[in-house]
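All remarks here apply to the structure that follows.
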Protein chains: 2
Amino acid sequence: MFRTLLTAAAVSALMVGSAFAQDAATAEALRDKALRDHLAWDLTEELTTTIGPRLVGSPAMEKAKDWGVAKLKALGFTNIKVEQFAKPSWTRGEESAWLMAPYAMNLNPLGLGRTVPTPAGGVEAEVALFATYAEMIAAPEGALKGKIVVITQPMVRAQDGAGYGVAGISRRAGPVEAAKRGAIALLIRSISTSDSSVPHTGVTTHGDDVVTIPAAAIGVPEAEQLQRLAAKGPLRIKLNLQSSVDPKGVAWNISGDIKGSEKPDEVIVIGGHLDSWDVGTGALDDATGVAITTAAAKLIGDLPKHPRRTIRVVMWGSEESGGSSDAYLAANKDSLSRIILAGESDSGADRIYSLKVPAGSLEHPVIKTATRILTPLNIYLDRAPAAHGGVDITGIEGAGVPVINLNQDVSRYFDYHHTADDTLNKVRPGELAQNVAAWASFLYLVADSDIDFRAMKPATAAAAAAH
Amino acid sequence: MFRTLLTAAAVSALMVGSAFAQDAATAEALRDKALRDHLAWDLTEELTTTIGPRLVGSPAMEKAKDWGVAKLKALGFTNIKVEQFAKPSWTRGEESAWLMAPYAMNLNPLGLGRTVPTPAGGVEAEVALFATYAEMIAAPEGALKGKIVVITQPMVRAQDGAGYGVAGISRRAGPVEAAKRGAIALLIRSISTSDSSVPHTGVTTHGDDVVTIPAAAIGVPEAEQLQRLAAKGPLRIKLNLQSSVDPKGVAWNISGDIKGSEKPDEVIVIGGHLDSWDVGTGALDDATGVAITTAAAKLIGDLPKHPRRTIRVVMWGSEESGGSSDAYLAANKDSLSRIILAGESDSGADRIYSLKVPAGSLEHPVIKTATRILTPLNIYLDRAPAAHGGVDITGIEGAGVPVINLNQDVSRYFDYHHTADDTLNKVRPGELAQNVAAWASFLYLVADSDIDFRAMKPATAAAAAAH
């Protein structure tokens with residue numbers, strides 16, 4: 001095994017010219033400078049403190065847009081754009097939930113994003129409690145008529161966040177599916193890996209013309225309490241969720257460039273999203289993503305000579321409620337072929353542990369060099385091809401833009417995300433800096449190269465298996 | 001050092017007769033049985049689930065009283081008593097707090113226990129923010145006229161809970177002291193070791209005739225946010241705290257005995273408190289204390305022969321708001337001399353790490369044997385004398401009753417206590433059982449002995465230093 005590695009290194013060395021050796025040295029220097037750089041922290045602190053939560057359609061989000069533009073200008077980005085798009089905005093109103101029988105207990109709910117309201121004064125009904133989403137789905141249509149459905153399925157803690165998709169369906173599809181079965185409202189155990197009473201919001205998936213019901217999350221201990229009580233006898237719950245929607249709302253994708261020195265039309269798109277939920281201050285989700293990518297690009301912009309290709313930072317305007325991705329695709333459809341790579345930082349600020357690159361590029365000298373430079377940051381090259389680069393780049397990824405994944409350890413992320421506890425004190429400065437170091441060094445290598453990810457042939461299964 | 005220990009052990013062995021060797025074997029068996037016993041968990045689960053939070057004066061607290069009596073009966077305790085005492089009861093009403101300037105942010109407050117209400121509709125004022133309690137105290141009388149005071153002093157995490165007393169003064173004395181300086185309301189950073197947004201309540205200290213002001217806690221991130229914002233410019237806050245007091249409220253201390261087989265009039269008083277705050281379900285504070293001591297006594301009660309002295313479990317009725325201690329002292333003032341030892345379990349359910357015994361008893365064979373039996377539970381004998389046996393036994397301790405401390409590791413306790421997160425899912429069954437094992441084995445040894453803690457001479461300072 002050791003001999004194989006030596007051989008691979010020797011081959012790599014032969015392929016690397018002296019200009020590229022210079023690039024590697026620059027990338028290493030960027031990496032090391034980033035580890036001592038405070039910009040990402042300062043941006044995170046400023047955005048979360050001076051503006052706070054940034055729900056799409058809120059006055060705070062408009063302030064955040066202006067902040068983003070001013071910040072990109074001040075940091076030396078050029079070609080700054082504000083791309084406005086229509087986005088109906090949802091606003092939370094008064095919310096409460098009480099267990100009414102067998103005794104009165106405050107359930108401290110948090111309405112799910114885009115939930116429809118209850119009638120004024122709320123609804124009260126008997127509870128149909130399900131330990132899993134699958135059990136609720138197994139109920140026939142009409143079987144839950146007049147009930148308030150409670151789903152108490154927990155979420156698996158996983159380094160790569162795999163538990164989120166599995167548990168998250170209760171939130172995304174639960175309201176519509178419970179409505180189909182006759183339920184009048186839905187409460188879910190927070191989609192959370194914590195043991196906390198702090199409820200998690202997050203978007204629900206429903207079209208404008210689909211029948212849905214009011215839906216909220218409750219904290220983990222409250223859900224467990226209902227589960228224990230339901231085993232002893234019937235429960236009644238009263239739920240009041242007020243909210244409103246402004247159909248004429250707007251949002252904005254903002255971008256700024258570190259212009260390429262030789263091939264400025266070839267663009268790498270990176271970024272995080274400026275919007276957040278209305279609880280907490282959107283620190284991990286996703287002030288840090290904005291901060292990490294902006295700080296990484298700024299470090300590259302400060303070099304004596306910009307890399308050959310352009311690096312574009314996009315501060316996405318509506319990730320939580322959706323919309324940024326389609327809007328960017330629509331606004332940039334004529335120049336998609338010139339986006340050579342895209343990536344998004346949107347899983348908090350804990351350390352990056354792996355890199356995934358587009359299929360077929362594993363053996364390219366740029367990737368080999370990047371891997372070597374990322375190794376001291378404790379990042380490995382995952383040989384599976386990159387995919388699902390981020391919610392905001394789904395649109396351009398679907399249209400053929402290659403993506404990368406710089407995978408953050410999210411073991412802790414789902415304790416806090418979409419809650420009142422997504423706040424600055426959950427950000428670890430050292431791990432934040434490690435993110436910037438990884439992005440800056442990797443981006444520089446790709447931006448100063450000719451690597452063409454679209455031209456790569458995916459490795460055969462046999463070749464992949466040989467590793 | 002090793003030789004010294006051997007010598008001490010040899011001396012100890014000489015002092016121990018064969019009856020006492022049998023006691024040691026029984027205590028060891030109790031310890032090991034307790035580690036596999038489920039009663040403490042079952043009691044904790046039942047009390048927190050079927051009754052929930054148990055604020056003094058609430059219907060739930062009356063249910064808890066009935067539950068305690070029924071439980072003591074069912075578990076074979078005798079001489080069951082319900083000692084009623086007067087206790088004005090405080091009830092939380094509607095509460096809200098908003099940062100109004102520089103921008104609107106929900107501060108999610110939790111009124112401190114016994115806080116006076118604001119006028120209907122709340123109060124709004126400029127903020128005077130202090131990073132420490134000492135800085136607030138340094139303000140002259142009248143200097144804070146018309147202000148809402150915010151104190152953001154953090155709490156030190158410490159295994160023995162030392163940080164609680166230091167930080168807790170903001171909560172206990174803060175309202176009266178801020179009032180003296182002219183403030184119209186007080187917000188404190190939660191007295192918490194967590195990084196959570198979940199606010200902590202807890203009692204405030206004020207006499208009926210003292211001028212005080214409405215006071216609430218806010219979560220750690222909210223307090224830190226205010227501190228950062230205050231460094232940038234003036235803040236305004238609006239606070240609405242409604243509450244009411246029923247001056248005719250009552251509470252109850254409940255007790256039951258494992259009657260001594262030879263000296264039933266000599267009594268060891270142990271227990272935890274049944275009452276809790278109105279948020280969470282009072283799991284760690286203090287369903288587990290009730291459960292640990294009840295389960296330990298029940299294990300002893302199940303022995304073929306009861307120990308010589310009586311073990312009395314008291315389920316205290318008003319720890320959080322005060323009152324149990326004085327009431328017990330008053331009701332039992334004629335029999336205090338027959339209480340040979342008292343102890344309370346009221347610091348959660350994490351593992352016990354040390355034992356403190358009354359001054360002068362360190363070298364007694366009972367204590368030496370107890371230490372040997374507790375060592376495999378990872379508990380050491382602290383050579384400092386026991387003191388402050390628990391809030392509910394302060395009265396009898398002050399009247400001369402010797403006390404013990406079975407010290408729980410509270411590193412984690414102050415993350416949750418007095419919050420919505422004091423719930424069953426924070427209790428670790430293995431550590432709960434370790435508590436029962438320690439109480440059961442220690443209690444048995446003392447109850448089956450003639451040890452007279454009142455007759456002990458405290459070791460001289462020189463003798464203590466020799467160890």
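The values are calculated or read from the model by the stated rules, or taken from the named source; none is laboratory data. Computed from a predicted model, the values in this text were never measured in an experiment. Using ideal geometry, Cβ is built from the backbone for each residue, glycine included, and neighbour counts are taken over all protein chains shown.
Apart from one condition, A:Met100 fits all of (1) touching a strand residue (DSSP E or B) at 6+ places or on another chain (Cβ under 9 Å); (2) away from chain B (no Cβ under 14 Å); the exception is (2).
Of all residues in the range B:143-189, those satisfying the criterion of being in a loop (DSSP other than H, G, I, E, B) and in contact with a Leu (Cβ under 8 Å, 6 or more places away or on another chain) are B:Thr152, B:Arg181, B:Gly182, B:Ala183.
Of all residues in the range A:251-302, exactly one satisfies the criterion of being surrounded by fewer than 24 Cβ atoms within 10 Å (Cβ to Cβ), assigned to a loop (DSSP other than H, G, I, E, B) and β-branched (Val, Ile, Thr), namely A:Val279. Of all the residues that make up the range B:83-99, how many are surrounded by fewer than 16 Cβ atoms within 10 Å (Cβ to Cβ) and farther than 19 Å from B:Pro175 by Cα? Adding up the residues that qualify gives 3. Taken together, the residues in the range B:178-205 that are more than 14 Å from every other protein chain (Cβ to nearest Cβ), of a type outside the set (Gly, Ala, Ser), touching a strand residue (DSSP E or B) at 6+ places or on another chain (Cβ under 9 Å) and over 19 Å from B:Glu320 (Cβ atoms) amount to 4. For the range A:401-412, the set of residues classified as within 30 Å of B:Asn106 (Cβ to Cβ) and surrounded by fewer than 22 Cβ atoms within 10 Å (Cβ to Cβ) consists of A:Ser411, A:Arg412, listed by residue number. Under the condition of being of a type outside the set (S, T, N, Q) and in contact with a helix residue (DSSP H, G or I) (Cβ under 6 Å, 6 or more places away or on another chain), the residues counted in the range B:236-253 number 1.
Per the listing A:Gly182, A:Gly233, the residue uniquely farther than 30 Å from A:Lys71 by Cβ, touching a Lys or Arg at 6+ places or on another chain (Cβ under 6 Å) and either in contact (Cβ under 8 Å) with a residue 12 or more places away in the chain or among the hydroxyl-bearing types (Ser, Thr, Tyr) (or both) is A:Gly182. What do you reckon, is B:Ser194 outside the structural domain of B:Asp422 (by TED's automatic domain parsing), under 21 Å from A:Pro199 (Cα atoms) and surrounded by fewer than 24 Cβ atoms within 10 Å (Cβ to Cβ)? Considered against the rule, which asks whether it is outside the structural domain of B:Asp422 (by TED's automatic domain parsing), under 21 Å from A:Pro199 (Cα atoms) and surrounded by fewer than 24 Cβ atoms within 10 Å (Cβ to Cβ), B:Ser194 comes out as yes. Has the range A:317-325 got at least one residue that is under 21 Å from A:Tyr164 (Cβ atoms) and among the charged types (D, E, K, R)? Yes - at least one qualifying residue is present in the range A:317-325. All told, B:Arg228 meets the bar of being without any contact (Cβ under 8 Å) to a residue 12 or more places away in the chain and under 19 Å from A:Gly280 (Cβ atoms). B:Arg412 meets each of the listed conditions (1) more than 14 Å from chain A (Cβ to nearest Cβ); (2) modelled with pLDDT of 95 or more apart from (1). Taking A:Gly76 as the residue in question, decide whether it is out of contact with any Phe, Trp or Tyr (no Cβ under 7 Å at 6 or more places or on another chain) and either within 14 Å of chain B (Cβ to nearest Cβ) or over 30 Å from A:Leu299 (Cα atoms) (or both). Here the answer is no, as A:Gly76 does not meet what is asked. I'm trying to understand the selection: among the residues of the range B:112-149, which are in contact (Cβ under 8 Å) with a residue 60 or more places away in the chain and closer than 27 Å to B:Leu55 by Cα? Answer for the range B:112-149, where residues must be in contact (Cβ under 8 Å) with a residue 60 or more places away in the chain and closer than 27 Å to B:Leu55 by Cα: B:Leu112, B:Gly113, B:Arg114, B:Thr115, B:Val116, B:Pro117, B:Thr118, B:Ala120, B:Gly121, B:Gly122, B:Val123.
Restricting to the range B:150-179, count the residues that are over 22 Å from the mean Cα position of the chain (by Cα) and without any contact (Cβ under 8 Å) to a residue 60 or more places away in the chain. If you could, list the steps in order and put the result at the bottom.
Going residue by residue through the range B:150-179, those that are over 22 Å from the mean Cα position of the chain (by Cα) are B:150-153, B:175-179.
Retained after the next criterion (residues that are without any contact (Cβ under 8 Å) to a residue 60 or more places away in the chain): B:151, B:153, B:176-179.
Result for the range B:150-179: 6.
The residue list A:Glu83, A:Glu94 contains one member that is in contact with a Leu (Cβ under 9 Å, 6 or more places away or on another chain) and modelled with pLDDT of 95 or more, which is A:Glu94. Taking the range A:264-298, which residues are small (Gly, Ala, Ser) and over 15 Å from A:Asn79 (Cβ atoms)? Those that are small (Gly, Ala, Ser) and over 15 Å from A:Asn79 (Cβ atoms): A:Gly272, A:Ser276, A:Gly280, A:Gly282, A:Ala283, A:Ala287, A:Gly289, A:Ala291, A:Ala295, A:Ala296.
Residues in the range B:378-394 that are surrounded by 19 or more Cβ atoms within 10 Å (Cβ to Cβ) and not β-branched (Val, Ile, Thr) were compared, and the one that is nearest to B:Asn332 (Cα to Cα) is B:Asp392.
Please determine whether any residue of the range A:110-133 is within 28 Å of B:Ser194 (Cα to Cα), of a type outside the set (A, V, I, L, M) and either touching a helix residue (DSSP H, G or I) at 6+ places or on another chain (Cβ under 6 Å) or at pLDDT 95 or above (or both). Yes, that holds for at least one residue. Contact map, the range A:425-444: residues that are away from chain B (no Cβ under 14 Å) paired with residues that are basic (Lys, Arg) and crowded, with 23+ Cβ neighbours inside 10 Å, Cβ distance under 7 Å, separation 6+ or inter-chain. Pairs shown: A:Ala437/A:Arg31; A:Ala440/A:Arg31; A:Ser441/A:Arg31.
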